[in-house]
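The values are calculated or read from the model by the stated rules, or taken from the named source; none is laboratory data. All values derive from a computational prediction rather than experimental measurement. Here Cβ is always computed from backbone atoms with ideal geometry, including for glycine, and neighbour counts include all displayed protein chains. Side chains are part of the model used for accessible areas, which takes the heavy atoms of the whole protein and leaves out ligands, DNA and RNA. Shrake-Rupley method; radii C 1.70, N 1.55, O 1.52, S 1.80 Å.
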Amino acid sequence: MKALILAAALCALGTSATAADTPAAKPVLPDYGKLPAVENMRLSPSGDRVAFIGVDGETRKVVVNRVAGGTLVALRAGDSKVRDLKWLSEHDLMMETSRSVHLDPSTRVAANDEYTVSAIIDTDTGKNFPVFAGQPKILAATFGFYGASNHGDKSYGYFGGLTLEGDGDTSTDFGWRQFAASHNHPDLYRVDLETGDALKIAGGSDRHGTDWLVDPSGRIVAHAEYDRQGVWRLYRGVLGLVGAVATVNSPTGDVDLMGFGQTPGTALVFGPIGEDGELAYREYALETDAAGRDPFRGALIKWPIYAADTRLLLGAVTNEDDPRTVMVDPSLQAKFDKVAKALAGESVALVSANSTLDRMILRAEGPVDSGTYYFVDYPSRKIEAIAWDYPTILQGAVAESRIVAYKASDGLEMQGVLTLPSGRPAKSLPLVVMPHGGPEERDYKGFNWWAQAFASRGYAVFQPNFRGSAGFSRAFREAGYGELGRKMQTDISDGVAELAREGIVDPKRACIVGASYGGYAALAGVTVQHGLYRCAVSVGGISDLNMLLADTADAAGEHSADLRSLRKFLGVSGDGARSLDARSPRKLASRADAPILLMFGEDDSVVPINQSRDFGDALRAAGKPYQMVQLRGEDHFLSREATRIRMLEASVAFVEENNPPS
């Protein structure tokens, strides 16, 4: 089965087979920990080519096929952590990867960092090169992609680059010892997509974070500045800091220049916009001072979608319990809805398309579907299943998930995702509570590999969207300010109490499991709170809040939006607050009332690994039961398949030992 489906994924677009055509064996636990078999499906500007990443274990392959049939490129990307693909022209494809870097201590930057490396691939010849490779005065990393242009036989990409001074060559590594950065901000470079030559065309500022918007002719039509006081401004053109098109006050940095709007003379902005400060999208006309408008007519948006050929705004996927695809053009909405209707019963999202929707790539997910990609040729009325995220987890192996509504103890309306094990009555089930990371993220109904793995072992899995979660109202988000380790924590246990009241779960048979902020919530569940859980599992979690504040100030800066945002959630104005010790699991190690499993990636660049190591030391000193697993070569995001499977197997084994499913 695996070989058949993987071959279909890598050859793509030559079959109309569906996932149901081959009987599926029952998945084993490692199947849930595998990376998706395909990633980043992208149509070329003409719609005649499709690019994607094929994944098989630790091996990734960049594949470019003709829609009419035949493979143009199949390049091994090795174990590179591929983050995105973008077509810059009909022939030039950009692959973004990230690299974990242990920086020289003299840089005064955190020991681990994650840098983006962009490569340009000629899809006709397979020739490829990393952006800024061989450029002796530019760090071999990219800090933003801002557009592409074509001039006859010349094509260019526009990237943020860190300009360096000194002697040496950093084209193959991050040679900080030989170079010095005269500033900390990126400058804008134009890169020849054939030769790799880079030309600086605009500079940034250490006093501001700078973004640019470059049109298909190579003209900088807009730039944005975010200053240390938390004010973001959008300006037309590249020069001048007067007459801003838009001004957004966002001390916590929730603002971004997303790209063009529906026409070349417009820009799409995301941020706390309007009198109520709700996070929303606005489209601004660059040549006028008119107020921006909402192209999505009030819908909460998860991410925007751009046309492959024009690079203009096409639509978006909504941020709802059941996400929808909404188009900015009503006639295109009717066209999309007609296609989606053919996949009735599935949640259908537009992944990539040309501006007329004549050719589309869709992703569908449903009650028995872990994720299927479809290619649509609208004029010929053809729709084909071309690839599957998890080709060994198909019909009959996907557990049901649904939204559960409840109230917090203070009356605030809440909801979360409940995944139920197949083949067991929903009565007095053992429970795994799985709070999300962020904390400004949210969970959705649908396939979640970690939740599905526990459900396959007989557990109900509850993913609460506690106050402070993203994707709801501003009031709901700000209700989390000052409540980290307080009401944000009791929101989770209030959800467990509701499931117990309904008779679905046995509250005496619960463990709490999470990663990143979810890891903090898991640790707080058995230190700040008591008598609730039989065990706790933390992956890259936070244990000491004052340490987190100090590390954030050191890495991001005292005037950074990251630090301001963290202080809001913690409810403090500075470091060293005693109230944080009362909410820090490390400081409460002697009060831990259940066994704890600590796991972390040794290349974690988001949560310092000492948050786990130091807590382990505190638990050992207090004589409390714990285990620790260090994931070699892994980052904060569990980007490696082997270590992701190891994490999954360890977490399931720990929960089964301390809270048997039967």
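Only one of the numbered conditions (1) at pLDDT below 90; (2) open to solvent by 20 Å² or more (accessible area, probe 1.4 Å) is violated by Ala246, and that is (2).
Within the stretch 291-311, being closer than 25 Å to Ser44 by Cβ, open to solvent by 30 Å² or more (accessible area, probe 1.4 Å) and in a loop (DSSP other than H, G, I, E, B) holds for Asp309, Thr310, Arg311.
Scanning the stretch 356-390 for residues that are of a type in the set (S, T, N, Q), within 23 Å of Ala316 (Cβ to Cβ) and not in a loop (DSSP other than H, G, I, E, B) yields a total of 1.
Scanning the stretch 1-8 for residues that are open to solvent by 20 Å² or more (accessible area, probe 1.4 Å), part of a loop (DSSP other than H, G, I, E, B) and modelled with pLDDT under 95 turns up at least one hit.
Being under 22 Å from the mean Cα position of the chain (by Cα), closer than 25 Å to Arg282 by Cα and among the hydroxyl-bearing types (Ser, Thr, Tyr) narrows it down to one residue among Tyr306, Tyr373; which is it? After applying the criteria, what remains is Tyr306. Considering only residues of the stretch 493-520 that are part of a helix (DSSP H, G or I) and among the hydrophobic types (A, V, I, L, M, F, W, C), which is most open to solvent (accessible area, probe 1.4 Å)? The selected residue is Ala497.
Of the listed requirements (1) in a loop (DSSP other than H, G, I, E, B); (2) at pLDDT 80 or above; (3) closer than 27 Å to Ile609 by Cβ, Thr116 misses just one: (1). For the stretch 411-425, the candidate set comprises residues that are over 24 Å from Ser538 (Cα atoms) and in contact with an Asp or Glu (Cβ under 9 Å, 6 or more places away or on another chain); within that set, the residue that is least open to solvent (accessible area, probe 1.4 Å) is Leu412.
Identification of helices (runs of 4 or more DSSP H) wholly contained in the stretch 521-614 with 2 or more residues that are open to solvent by less than 10 Å² (accessible area, probe 1.4 Å) yields 545-556, 561-570.
Inclusion of Gly458 among residues that are in contact with a Lys or Arg (Cβ under 7 Å, 6 or more places away or on another chain), in a loop (DSSP other than H, G, I, E, B) and at positive phi is warranted. If you go through the stretch 616-659 and keep only what is open to solvent by less than 20 Å² (accessible area, probe 1.4 Å), more than 27 Å from the chain's Cα centre (by Cα), more than 23 Å from Leu431 (Cβ to Cβ) and not aliphatic (A, V, I, L, M), you end up with just Gly616.
Determine whether the stretch 227-242 contains at least one residue that is of a type outside the set (Lys, Arg), open to solvent by 30 Å² or more (accessible area, probe 1.4 Å) and not in a loop (DSSP other than H, G, I, E, B).
no
Among residues of the stretch 305-317 that are under 17 Å from Ser217 (Cβ atoms), those with a beta-carbon under 6 Å from a residue that is open to solvent by 30 Å² or more (accessible area, probe 1.4 Å) and hydroxyl-bearing (Ser, Thr, Tyr) at least six positions away or on a different chain give the pairs Asp309/Ser355; Thr310/Ser355. I'd like to know if the stretch 392-410 contains one or more residues that are surrounded by fewer than 16 Cβ atoms within 10 Å (Cβ to Cβ) and within 23 Å of the chain's Cα centre (by Cα). The answer is yes; a qualifying residue exists.
When residues of the stretch 21-74 are filtered for being among the small types (Gly, Ala, Ser) and in contact with a helix residue (DSSP H, G or I) (Cβ under 6 Å, 6 or more places away or on another chain), how many remain? So the count comes out to 4.
How about the stretch 53-73: which of its residues are closer than 18 Å to Lys34 by Cβ and in a loop (DSSP other than H, G, I, E, B)? Once the filter is applied, which keeps residues that are closer than 18 Å to Lys34 by Cβ and in a loop (DSSP other than H, G, I, E, B), the stretch 53-73 yields Gly57, Glu58. Within the stretch 210-226, how many residues are open to solvent by 20 Å² or more (accessible area, probe 1.4 Å) and outside any loop (DSSP other than H, G, I, E, B)? Within the stretch 210-226, residues that are open to solvent by 20 Å² or more (accessible area, probe 1.4 Å) and outside any loop (DSSP other than H, G, I, E, B) number 4.
All conditions but one from (1) in contact (Cβ under 8 Å) with a residue 24 or more places away in the chain; (2) not in a loop (DSSP other than H, G, I, E, B) apply to Arg76; the one that does not is (1). No other residue among Ala405, Ala399, Ala426 is small (Gly, Ala, Ser), in contact (Cβ under 8 Å) with a residue 24 or more places away in the chain and over 24 Å from Gly371 (Cα atoms) apart from Ala426. Taking the stretch 471-492 as the range and being open to solvent by 10 Å² or more (accessible area, probe 1.4 Å) and touching a strand residue (DSSP E or B) at 6+ places or on another chain (Cβ under 8 Å) as the test, the residues that pass are Gly471, Phe472, Ser473, Arg474, Arg477. Listed by first and then second residue, the pairs with beta-carbon distance under 6 Å, at least 6 apart or on different chains, first residue in the stretch 636-652 and at negative phi, second acidic (Asp, Glu) and crowded, with 19+ Cβ neighbours inside 10 Å, are His636/Asp604; Arg640/Glu634; Thr643/Glu634. Of the residues Arg42, Arg66, Arg60, Arg49, only one is basic (Lys, Arg), open to solvent by less than 20 Å² (accessible area, probe 1.4 Å) and at pLDDT 90 or above; which? That would be Arg49, the only listed residue that is basic (Lys, Arg), open to solvent by less than 20 Å² (accessible area, probe 1.4 Å) and at pLDDT 90 or above.
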